[in-house]
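One structure is given here, and the rest of the page talks about it.
The values are calculated or read from the model by the stated rules, or taken from the named source; none is laboratory data. Note that the structure is a prediction, hence the values are computed from the model and not measured. Virtual Cβ from ideal backbone geometry, glycine too; neighbours counted across all protein chains shown.
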C-alpha cells in the first residue's frame, strides 16, 4: 500500500484507483482471489506435512514444487521446455535437497531457519522433536505433494494475471493481500478459534514475530517483481541460491569445510537457468 501510494500522484488518485478495482471492476479483482485462497490452503497443508513427516523427507519432497511449476508453465503459458531444461530442473531439485539434508546433519551453536525443522540440532525443544517424529507419514506425504501442485498452479496463475493486464504489481499485491484476509480468518475460525477466544488474536506477537512478518512482506513484493519481469522458473533458481546462502552463513564460524561440490553444482544449475531465459527471449523474438 505504501509503495502504491508512493508511485501515485496524489492521495485522491490512490482512493480512485482502489474504488475502481474493488467496486467498479470487482470481477477482475476476484481473479486474484484464486491464488489468495490457494496460498492459504497451501500453508495449512505445509503445517500438516511438517507435523507428520521427518525434516529430511519434508525438505526433499517439497522441492517437487519446482517440477510442478515447470509443468504448469507448459500447460498454462504455452511455453516449451527442452529436454536439457527439464534435466537442469531435476538436477536443481537434487542439489537443493542434498544441500539441505547435509546442513541438517551438522550441529551448530548458531540458529538458522533450517534449525526449526532439524531433528539433530541442540536448540530444538524435545516436544517439537516428538511432534516431528509422530503422526501419519502418508498424510504428511499427501499434504506436501498437494502443496507442491498448488504452489505450481498458483505461481503460474499469478504470473499470467500480472503479465496479462496493465494493472500495476503494487495494486495486484494489494488485491492479493486484502482477499487473503477472509481466507485466513476462515482457517483461524476452523483450527484456532479456541486459542483466539482464550488469549486473543495477537497472542505471541513479540518483536521477533514482527520482524518475520516484515521480512515475509518484503519477500512477497520481491517475488511479485521477479514474476512480473522474469518468470516462476527463474524464481525457483533464485530461491535455490538463497537456500545455499542461508546455509553457508551459519557454518562460516563453525564449519569451514562446506561441501564445495554441492555449491558449485548449484551455481552451474543457476547458470543453466539464465541460459534458458536467454533462449526463451530469443525464441520470442524469432516468433515476432
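Okay, here's what the table says:
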| quantity | calculated |
| --- | --- |
| Meets criteria (within 26 Å of the chain's Cα centre (by Cα), over 26 Å from residue 136 (Cα atoms) and either without any contact (Cβ under 8 Å) to a residue 40 or more places away in the chain or surrounded by fewer than 18 Cβ atoms within 10 Å (Cβ to Cβ) (or both)) for residue 30 | yes |
| The lone exception for residue 143 - which of (1) over 14 Å from the mean Cα position of the chain (by Cα); (2) farther than 16 Å from residue 40 by Cα; (3) surrounded by 20 or more Cβ atoms within 10 Å (Cβ to Cβ) it fails | (2) |
| Helices (runs of 4 or more DSSP H) lying entirely in the range 1-116 (those with 1 or more residues that are at pLDDT below 85) | 2-7, 11-19, 26-52, 55-62, 83-104 |
| Total residues in the range 161-177, condition in contact (Cβ under 8 Å) with a residue 12 or more places away in the chain and either touching a strand residue (DSSP E or B) at 6+ places or on another chain (Cβ under 9 Å) or outside any helix (DSSP H, G or I) (or both) | 3 |
